[in-house]
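Colleague: Sharing a structure, written as C-alpha coordinates. Questions coming.
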Amino acid sequence: MKKTLLILTGHSKGLGRAILDRFLDAEGTEVIAISRTALGLKRANLREIQLDLADLESLGIRLPDIFPVGDFERFVLINNAGWIGEIKPVGKLDPGHISKLMNLNLLAPMILTDAFAKAYFPLSAEKLVCNISSGAAYKPMPGWAEYCSSKAALAMFSKVAAEDLAKNGVRVFSLAPGIVDTEMQAEIRTAALEDFPALARFENFKREGSLSPPEMVADKVFYLVSHSERFSDVVQDVRDFELP
Ligand SMILES: NC(=O)c1ccc[n+]([C@@H]2O[C@H](COP(=O)([O-])OP(=O)(O)OC[C@H]3O[C@@H](n4cnc5c(N)ncnc54)[C@H](OP(=O)(O)O)[C@@H]3O)[C@@H](O)[C@H]2O)c1
(Lines give C-alpha, C1' and ligand atoms only; values in the text may rest on other atoms or scores of the structure.)
Protein backbone atom coordinates (compact mmCIF):
# COMPACT_ATOMS: atom_id res chain seq x y z
CA MET A 1 0.00 0.00 0.00
CA LYS A 2 1.37 3.40 -0.99
CA LYS A 3 1.86 5.91 1.81
CA THR A 4 -1.47 7.67 1.50
CA LEU A 5 -3.21 10.76 2.86
CA LEU A 6 -7.00 10.48 2.62
CA ILE A 7 -9.23 13.50 3.11
CA LEU A 8 -12.76 12.18 3.66
CA THR A 9 -16.00 14.06 4.24
CA GLY A 10 -19.04 12.63 6.03
CA HIS A 11 -17.08 10.05 8.04
CA SER A 12 -19.25 9.99 11.18
CA LYS A 13 -21.80 7.42 10.02
CA GLY A 14 -23.15 5.42 7.11
CA LEU A 15 -20.99 4.83 4.07
CA GLY A 16 -18.41 7.41 5.20
CA ARG A 17 -17.87 5.57 8.49
CA ALA A 18 -17.28 2.31 6.62
CA ILE A 19 -14.84 4.05 4.22
CA LEU A 20 -13.07 5.56 7.24
CA ASP A 21 -12.63 2.16 8.91
CA ARG A 22 -11.41 0.56 5.68
CA PHE A 23 -8.69 3.18 5.16
CA LEU A 24 -7.69 3.47 8.83
CA ASP A 25 -6.87 -0.24 8.76
CA ALA A 26 -4.74 0.07 5.61
CA GLU A 27 -1.02 0.18 6.24
CA GLY A 28 0.67 3.55 5.71
CA THR A 29 -2.57 5.54 5.53
CA GLU A 30 -3.40 8.75 7.36
CA VAL A 31 -6.90 10.20 7.35
CA ILE A 32 -8.28 13.71 7.78
CA ALA A 33 -12.00 13.27 8.32
CA ILE A 34 -14.64 16.01 8.24
CA SER A 35 -18.20 15.89 9.60
CA ARG A 36 -20.29 17.95 11.98
CA THR A 37 -19.90 15.13 14.53
CA ALA A 38 -16.51 14.01 15.83
CA LEU A 39 -16.24 10.31 16.67
CA GLY A 40 -13.41 10.80 19.16
CA LEU A 41 -11.66 7.62 18.01
CA LYS A 42 -8.22 7.11 19.49
CA ARG A 43 -6.35 6.38 16.28
CA ALA A 44 -2.89 7.83 15.71
CA ASN A 45 -3.50 8.01 11.95
CA LEU A 46 -6.78 9.99 12.20
CA ARG A 47 -7.40 13.73 12.53
CA GLU A 48 -11.03 14.76 12.78
CA ILE A 49 -12.30 18.18 11.78
CA GLN A 50 -15.73 19.20 13.04
CA LEU A 51 -17.29 21.36 10.38
CA ASP A 52 -20.69 22.05 8.86
CA LEU A 53 -19.86 21.75 5.15
CA ALA A 54 -23.10 23.54 4.23
CA ASP A 55 -21.62 26.64 5.91
CA LEU A 56 -19.37 27.75 3.06
CA GLU A 57 -17.94 30.72 4.95
CA SER A 58 -16.62 28.41 7.69
CA LEU A 59 -15.36 25.98 5.06
CA GLY A 60 -13.39 28.82 3.42
CA ILE A 61 -11.79 29.71 6.75
CA ARG A 62 -10.80 26.09 7.47
CA LEU A 63 -9.51 25.26 3.96
CA PRO A 64 -5.80 25.91 4.66
CA ASP A 65 -6.06 23.40 7.51
CA ILE A 66 -7.53 20.60 5.39
CA PHE A 67 -4.81 19.93 2.81
CA PRO A 68 -1.40 19.55 4.48
CA VAL A 69 1.59 18.72 2.35
CA GLY A 70 3.60 15.80 3.68
CA ASP A 71 5.72 12.88 2.68
CA PHE A 72 2.96 10.91 0.92
CA GLU A 73 3.03 8.89 -2.29
CA ARG A 74 -0.71 9.32 -2.83
CA PHE A 75 -3.24 12.05 -1.95
CA VAL A 76 -6.94 11.12 -2.06
CA LEU A 77 -10.04 13.27 -1.56
CA ILE A 78 -13.35 11.47 -1.11
CA ASN A 79 -16.32 13.85 -1.13
CA ASN A 80 -18.87 11.60 0.55
CA ALA A 81 -20.90 13.89 2.86
CA GLY A 82 -24.40 14.31 1.51
CA TRP A 83 -28.02 14.80 2.41
CA ILE A 84 -31.20 13.57 0.73
CA GLY A 85 -32.78 16.99 1.28
CA GLU A 86 -36.45 17.68 1.64
CA ILE A 87 -38.50 14.92 0.09
CA LYS A 88 -41.25 17.04 -1.40
CA PRO A 89 -42.46 17.91 -4.88
CA VAL A 90 -41.40 21.13 -6.55
CA GLY A 91 -43.94 23.72 -5.43
CA LYS A 92 -43.60 22.67 -1.78
CA LEU A 93 -39.85 23.30 -1.30
CA ASP A 94 -38.21 25.59 1.23
CA PRO A 95 -35.60 28.00 -0.27
CA GLY A 96 -33.41 27.63 2.83
CA HIS A 97 -33.30 23.86 2.40
CA ILE A 98 -32.55 24.18 -1.31
CA SER A 99 -29.46 26.28 -0.62
CA LYS A 100 -28.33 24.11 2.31
CA LEU A 101 -28.52 20.99 0.17
CA MET A 102 -26.73 22.56 -2.78
CA ASN A 103 -24.01 23.90 -0.47
CA LEU A 104 -23.42 20.46 1.04
CA ASN A 105 -23.93 18.14 -1.95
CA LEU A 106 -22.47 20.30 -4.71
CA LEU A 107 -20.65 23.50 -3.72
CA ALA A 108 -18.57 22.07 -0.87
CA PRO A 109 -17.26 19.18 -3.06
CA MET A 110 -16.47 21.69 -5.83
CA ILE A 111 -14.60 23.97 -3.41
CA LEU A 112 -12.75 21.03 -1.85
CA THR A 113 -11.77 19.57 -5.24
CA ASP A 114 -10.43 22.94 -6.36
CA ALA A 115 -8.48 23.40 -3.11
CA PHE A 116 -7.14 19.83 -3.34
CA ALA A 117 -5.86 20.52 -6.86
CA LYS A 118 -4.22 23.80 -5.82
CA ALA A 119 -2.55 22.22 -2.80
CA TYR A 120 -1.16 19.16 -4.58
CA PHE A 121 -0.61 20.30 -8.21
CA PRO A 122 3.13 20.77 -7.74
CA LEU A 123 3.68 17.34 -6.20
CA SER A 124 4.60 14.33 -8.27
CA ALA A 125 2.61 12.04 -5.95
CA GLU A 126 -0.48 10.17 -7.21
CA LYS A 127 -3.58 12.39 -6.82
CA LEU A 128 -7.18 11.21 -6.92
CA VAL A 129 -10.61 12.73 -6.22
CA CYS A 130 -13.66 10.51 -5.76
CA ASN A 131 -17.00 12.30 -5.62
CA ILE A 132 -19.75 10.07 -4.26
CA SER A 133 -22.59 10.43 -6.70
CA SER A 134 -25.85 8.52 -7.08
CA GLY A 135 -27.97 6.78 -9.68
CA ALA A 136 -30.31 9.70 -8.93
CA ALA A 137 -27.94 11.90 -10.94
CA TYR A 138 -29.31 10.31 -14.11
CA LYS A 139 -32.83 9.25 -13.13
CA PRO A 140 -35.49 11.84 -12.25
CA MET A 141 -37.17 10.78 -9.00
CA PRO A 142 -40.38 12.67 -8.09
CA GLY A 143 -39.91 14.26 -4.64
CA TRP A 144 -36.11 14.40 -4.96
CA ALA A 145 -35.69 17.52 -7.11
CA GLU A 146 -33.01 18.97 -4.85
CA TYR A 147 -31.07 15.72 -4.46
CA CYS A 148 -31.20 14.59 -8.11
CA SER A 149 -30.15 18.06 -9.30
CA SER A 150 -27.22 18.25 -6.89
CA LYS A 151 -25.91 14.81 -7.86
CA ALA A 152 -26.36 15.45 -11.60
CA ALA A 153 -24.39 18.68 -11.27
CA LEU A 154 -21.70 16.96 -9.20
CA ALA A 155 -21.33 14.27 -11.88
CA MET A 156 -20.89 16.94 -14.57
CA PHE A 157 -18.45 18.86 -12.37
CA SER A 158 -16.45 15.64 -11.96
CA LYS A 159 -16.30 15.13 -15.74
CA VAL A 160 -15.06 18.68 -16.37
CA ALA A 161 -12.61 18.53 -13.45
CA ALA A 162 -11.24 15.24 -14.82
CA GLU A 163 -10.45 16.98 -18.12
CA ASP A 164 -9.05 20.13 -16.47
CA LEU A 165 -6.85 18.23 -14.05
CA ALA A 166 -5.62 15.36 -16.24
CA LYS A 167 -2.56 17.36 -17.31
CA ASN A 168 -1.69 17.80 -13.64
CA GLY A 169 -1.90 14.09 -12.95
CA VAL A 170 -5.13 14.27 -10.93
CA ARG A 171 -7.69 11.50 -11.57
CA VAL A 172 -11.32 12.39 -10.84
CA PHE A 173 -14.16 9.90 -10.43
CA SER A 174 -17.90 10.25 -9.91
CA LEU A 175 -18.87 7.05 -8.13
CA ALA A 176 -22.42 5.83 -7.53
CA PRO A 177 -22.50 3.57 -4.45
CA GLY A 178 -25.75 1.70 -5.17
CA ILE A 179 -28.50 1.60 -2.55
CA VAL A 180 -26.80 1.42 0.82
CA ASP A 181 -28.23 0.52 4.22
CA THR A 182 -27.60 3.82 6.05
CA GLU A 183 -29.50 6.52 7.93
CA MET A 184 -30.09 8.26 4.61
CA GLN A 185 -32.21 5.31 3.52
CA ALA A 186 -34.02 5.36 6.88
CA GLU A 187 -34.75 9.06 6.32
CA ILE A 188 -36.12 8.29 2.84
CA ARG A 189 -38.55 5.78 4.37
CA THR A 190 -39.99 8.51 6.64
CA ALA A 191 -41.18 10.55 3.62
CA ALA A 192 -44.92 11.11 3.17
CA LEU A 193 -46.46 9.01 0.41
CA GLU A 194 -48.19 12.09 -1.00
CA ASP A 195 -44.74 13.72 -1.46
CA PHE A 196 -42.83 10.62 -2.56
CA PRO A 197 -44.64 8.22 -4.90
CA ALA A 198 -41.77 5.67 -4.80
CA LEU A 199 -42.05 5.22 -1.01
CA ALA A 200 -43.28 1.59 -1.15
CA ARG A 201 -40.35 0.61 -3.41
CA PHE A 202 -37.84 1.94 -0.89
CA GLU A 203 -39.69 0.27 2.01
CA ASN A 204 -39.45 -3.00 0.06
CA PHE A 205 -35.71 -2.62 -0.51
CA LYS A 206 -35.27 -2.66 3.26
CA ARG A 207 -37.85 -5.38 3.94
CA GLU A 208 -36.36 -7.68 1.27
CA GLY A 209 -32.79 -7.09 2.45
CA SER A 210 -31.68 -5.73 -0.91
CA LEU A 211 -29.76 -2.74 0.50
CA SER A 212 -25.97 -3.05 0.29
CA PRO A 213 -24.01 -3.15 3.55
CA PRO A 214 -21.85 0.00 3.82
CA GLU A 215 -18.76 -2.17 4.49
CA MET A 216 -19.17 -3.95 1.15
CA VAL A 217 -19.44 -0.63 -0.70
CA ALA A 218 -16.44 0.73 1.23
CA ASP A 219 -14.37 -2.24 0.03
CA LYS A 220 -15.23 -1.28 -3.54
CA VAL A 221 -14.35 2.39 -2.95
CA PHE A 222 -11.03 1.22 -1.52
CA TYR A 223 -10.45 -1.03 -4.54
CA LEU A 224 -11.13 1.79 -7.01
CA VAL A 225 -8.80 4.16 -5.17
CA SER A 226 -6.08 1.50 -4.94
CA HIS A 227 -6.38 0.38 -8.60
CA SER A 228 -7.47 3.56 -10.36
CA GLU A 229 -5.42 2.62 -13.43
CA ARG A 230 -7.97 -0.18 -14.08
CA PHE A 231 -10.83 2.37 -14.36
CA SER A 232 -10.77 4.57 -17.45
CA ASP A 233 -14.16 6.36 -17.23
CA VAL A 234 -14.90 9.23 -14.85
CA VAL A 235 -18.40 7.93 -14.09
CA GLN A 236 -18.37 4.67 -12.18
CA ASP A 237 -20.95 2.59 -10.34
CA VAL A 238 -19.94 0.07 -7.67
CA ARG A 239 -22.56 -2.31 -9.11
CA ASP A 240 -20.58 -2.50 -12.36
CA PHE A 241 -17.48 -4.16 -10.94
CA GLU A 242 -16.70 -7.05 -8.64
CA LEU A 243 -13.80 -7.39 -6.26
CA PRO A 244 -11.22 -9.96 -7.37
N1 LIG B 1 -27.44 5.45 1.20
C2 LIG B 1 -27.70 5.33 -0.10
O3 LIG B 1 -28.50 4.48 -0.53
C4 LIG B 1 -27.01 6.22 -1.09
C5 LIG B 1 -27.27 6.03 -2.45
C6 LIG B 1 -26.64 6.84 -3.39
C7 LIG B 1 -25.73 7.79 -2.96
N8 LIG B 1 -25.48 7.96 -1.63
C9 LIG B 1 -24.52 8.99 -1.25
O10 LIG B 1 -23.55 8.42 -0.37
C11 LIG B 1 -23.05 9.43 0.52
C12 LIG B 1 -23.14 8.94 1.95
O13 LIG B 1 -24.51 8.74 2.26
P14 LIG B 1 -25.01 7.88 3.51
O15 LIG B 1 -26.13 7.07 3.03
O16 LIG B 1 -23.87 7.26 4.20
O17 LIG B 1 -25.62 9.06 4.41
P18 LIG B 1 -25.73 9.22 6.00
O19 LIG B 1 -25.76 7.91 6.66
O20 LIG B 1 -26.86 10.17 6.22
O21 LIG B 1 -24.34 9.95 6.38
C22 LIG B 1 -24.07 11.23 5.88
C23 LIG B 1 -22.70 11.69 6.33
O24 LIG B 1 -22.54 13.04 5.87
C25 LIG B 1 -22.26 13.89 6.98
N26 LIG B 1 -22.91 15.19 6.83
C27 LIG B 1 -24.23 15.43 6.62
N28 LIG B 1 -24.46 16.74 6.62
C29 LIG B 1 -23.26 17.35 6.82
C30 LIG B 1 -22.84 18.70 6.92
N31 LIG B 1 -23.72 19.71 6.84
N32 LIG B 1 -21.53 18.96 7.12
C33 LIG B 1 -20.63 17.95 7.25
N34 LIG B 1 -20.97 16.65 7.15
C35 LIG B 1 -22.26 16.36 6.95
C36 LIG B 1 -22.86 13.16 8.18
O37 LIG B 1 -22.17 13.53 9.37
P38 LIG B 1 -22.74 14.56 10.46
O39 LIG B 1 -24.21 14.35 10.55
O40 LIG B 1 -21.97 14.16 11.69
O41 LIG B 1 -22.35 15.89 9.95
C42 LIG B 1 -22.56 11.71 7.84
O43 LIG B 1 -21.27 11.37 8.24
C44 LIG B 1 -23.90 10.68 0.24
O45 LIG B 1 -23.20 11.54 -0.64
C46 LIG B 1 -25.12 10.13 -0.46
O47 LIG B 1 -25.73 11.07 -1.30
C48 LIG B 1 -26.10 7.20 -0.69
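The values are calculated or read from the model by the stated rules, or taken from the named source; none is laboratory data. From a predicted model like this one, the values you see are computed outputs, not experimental measurements. So basically every Cβ, Gly included, is an ideal-geometry build from the backbone, and we count neighbours across all protein chains shown. For accessibility, only protein heavy atoms count, side chains too; no ligands or nucleic acids. Shrake-Rupley method; radii C 1.70, N 1.55, O 1.52, S 1.80 Å.
Colleague: Being surrounded by fewer than 19 Cβ atoms within 10 Å (Cβ to Cβ), of a type in the set (S, T, N, Q), within 13 Å of the ligand (Cβ to nearest atom) and closer than 28 Å to ALA153 by Cβ is the requirement here; does THR37 meet it?
Modeller: yes
Colleague: Moving to a separate point now. Can you tell me which condition GLY28 does not meet? The list is (1) within 14 Å of the ligand (Cβ to nearest atom); (2) among the small types (Gly, Ala, Ser); (3) open to solvent by 10 Å² or more (accessible area, probe 1.4 Å), and all the others hold.
Modeller: So GLY28 meets the others, but not (1).
Colleague: List the residue pairs whose Cβ atoms are under 7 Å apart, where the first residue sits in segment 188-213 and is over 21 Å from LYS88 (Cα atoms), the second is surrounded by 15 or more Cβ atoms within 10 Å (Cβ to Cβ) and of a type in the set (Gly, Ala, Ser), and the two are 6 or more positions apart or on different chains.
Modeller: If the second residue must be surrounded by 15 or more Cβ atoms within 10 Å (Cβ to Cβ) and of a type in the set (Gly, Ala, Ser), the pairs left are SER212/GLY178.
Colleague: When you check LYS159 against the structure, is it within 23 Å of VAL238 (Cα to Cα), of a type in the set (D, E, K, R), open to solvent by 30 Å² or more (accessible area, probe 1.4 Å) and touching a residue at least 40 places away in the same chain (Cβ under 8 Å), yes or no? Talk me through it step by step, then tell me what you get.
Modeller: Numbers: within 23 Å of VAL238 (Cα to Cα): yes; of a type in the set (D, E, K, R): yes; open to solvent by 30 Å² or more (accessible area, probe 1.4 Å): yes; touching a residue at least 40 places away in the same chain (Cβ under 8 Å): yes.
Yes, satisfied.
Colleague: Something else now. Being over 28 Å from ILE98 (Cα atoms) and either under 15 Å from the mean Cα position of the chain (by Cα) or more than 9 Å from the ligand (Cβ to nearest atom) (or both) is the requirement here; does PHE196 meet it?
Modeller: On the way: over 28 Å from ILE98 (Cα atoms): no; either under 15 Å from the mean Cα position of the chain (by Cα) or more than 9 Å from the ligand (Cβ to nearest atom) (or both): yes.
No, not satisfied.
Colleague: Still on this structure, I have one more. Can you find, within segment 165-196, the residue that is least open to solvent (accessible area, probe 1.4 Å) among those that are farther than 30 Å from ARG230 by Cβ and in a helix (DSSP H, G or I)?
Modeller: ILE188
Colleague: Run down ALA136, ALA153 and say which single residue is near the ligand (Cβ under 9 Å from one of its atoms) and closer than 30 Å to SER232 by Cβ.
Modeller: Residue meeting the stated conditions: ALA136.
Colleague: Still on this structure, please answer the following. Does LEU243 satisfy being among the aliphatic types (A, V, I, L, M) and farther than 25 Å from THR29 by Cα?
Modeller: no
Colleague: Would you check which residues across segment 197-226 are open to solvent by less than 50 Å² (accessible area, probe 1.4 Å) and outside any helix (DSSP H, G or I) and list them? Please lay out each step first, then the result.
Modeller: Looking only at segment 197-226, we keep the residues that are open to solvent by less than 50 Å² (accessible area, probe 1.4 Å), and these are 198-199, 202, 205, 211-212, 214, 217-218, 220-226.
Residues satisfying the conditions are ALA198, LEU211, SER212.
Colleague: Further question: Please state which of the following conditions LYS139 fails to meet, knowing it meets all the rest: (1) surrounded by fewer than 19 Cβ atoms within 10 Å (Cβ to Cβ); (2) among the charged types (D, E, K, R); (3) over 24 Å from ALA192 (Cα atoms).
Modeller: For LYS139, the exception is condition (3).
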